[in-house]
Amino acid sequence: MKTKQLIVANWKMNPRTPKEARALFQSTKRTAGHLTKVQTVVCPPAVFLGLFSPLVSRNCFLGAQDMFWEKEGAYTGKISPAQLHALNVSYVILGHSEERALGETNEDIQKKIRAAFEYRLNAILCIGEKERDHEGHYLSFLKEQIKKSLGKIPGKELGRLIIAYEPIWAIGALAKKADTPRALLEIVIFIRKVLSDMYDKSIAFQISILYGGSVNAQNAEAFLKDGGVNGLLVGRASLDTKEFTEILKITKQIK
Ligand code: 13P
């Protein structure tokens, strides 16, 4: 497990113009630059990656929101890991619930993870249930997502794997609420147990786990302190300069 906290900004399909995007990136980078104990990753829409490629710094990295598994060829509309690598991109979000909702399968995600590792990209594998039932079916669902997305990838190749737990019911403007740090801690323990059964304990503890879903400056500290996670995956709040700066500063204080 890495010692630095990892804060990932997922801008989704925002903002509209390169001018707005540049301003947002520059402000994030300014704050991130002072925070040596925090690793900040900005994942803008792919159309802006080239713009930010020369601006990557020691504490502020670039991530993509998705990619295809082939390195080149006749795949209209797709982006390859080789292209990301060439643009100074070092992280890629894979299996986000908004991609899964459009038909992406665990098998697709596994191919993407393998391809990401080939190009030395850090893969942020997103998992998360639609609802949290009282019978605990959501735990079997999460276990299946992990097992099928990682498939037969050998443990020794997982050095660049990060898992982001993002319960679908907690994501976006329609979310009723964020998770609670207590429930999150149980999930984090569960994820490590699944990984430990699949591989071994040392691999299970080497993989960073992030939380995503309605993170803001009010709840970030509790998730980081009591949720057992190694960082956060932030959607809406990463588009608000003041709010995101606050989250980064809060993260810096976490022991
Ligand atoms: P929100 O922070 O907007 O709920 O989005 C979370 C998310 O999906 C990040 O990947």
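Read-outs: derived from the displayed coordinates by stated rules, not from any lab. Quick caveat: nothing in here was measured; it's all calculated off a predicted structure. As a convention, Cβ positions derive from the backbone with ideal geometry for all residues, glycine included, and neighbour counts pool all protein chains shown.
One residue stands out among those in segment 97-126 that are polar (S, T, N, Q) and in a helix (DSSP H, G or I): the one that is nearest to the chain's Cα centre (by Cα), which is 97. Against the definition (surrounded by 15 or more Cβ atoms within 10 Å (Cβ to Cβ), hydrophobic (A, V, I, L, M, F, W, C) and touching a residue at least 24 places away in the same chain (Cβ under 8 Å)), how does residue 189 come out, yes or no? Answer is no for this residue. Within segment 216-245, residues that are more than 18 Å from residue 168 (Cβ to Cβ) and touching a residue at least 24 places away in the same chain (Cβ under 8 Å) sit with their Cβ atoms under 6 Å from residues that are part of a loop (DSSP other than H, G, I, E, B) and within 15 Å of the ligand (Cβ to nearest atom), at 6+ positions apart or across chains, in these pairs: 239/14; 243/217. Of all residues in segment 45-65, which are touching a helix residue (DSSP H, G or I) at 6+ places or on another chain (Cβ under 6 Å), crowded, with 20+ Cβ neighbours inside 10 Å and either aliphatic (A, V, I, L, M) or not in a helix (DSSP H, G or I) (or both)? Within segment 45-65, 60, 62, 64 qualify. The criterion of at least 2 residues that are within 11 Å of the ligand (Cβ to nearest atom) is met, among helices (runs of 4 or more DSSP H) falling completely within segment 153-255, by 241-253. Scanning segment 12-32 for residues that are on the phi > 0 side of the Ramachandran plot and either under 14 Å from the mean Cα position of the chain (by Cα) or not in a helix (DSSP H, G or I) (or both) turns up at least one hit.
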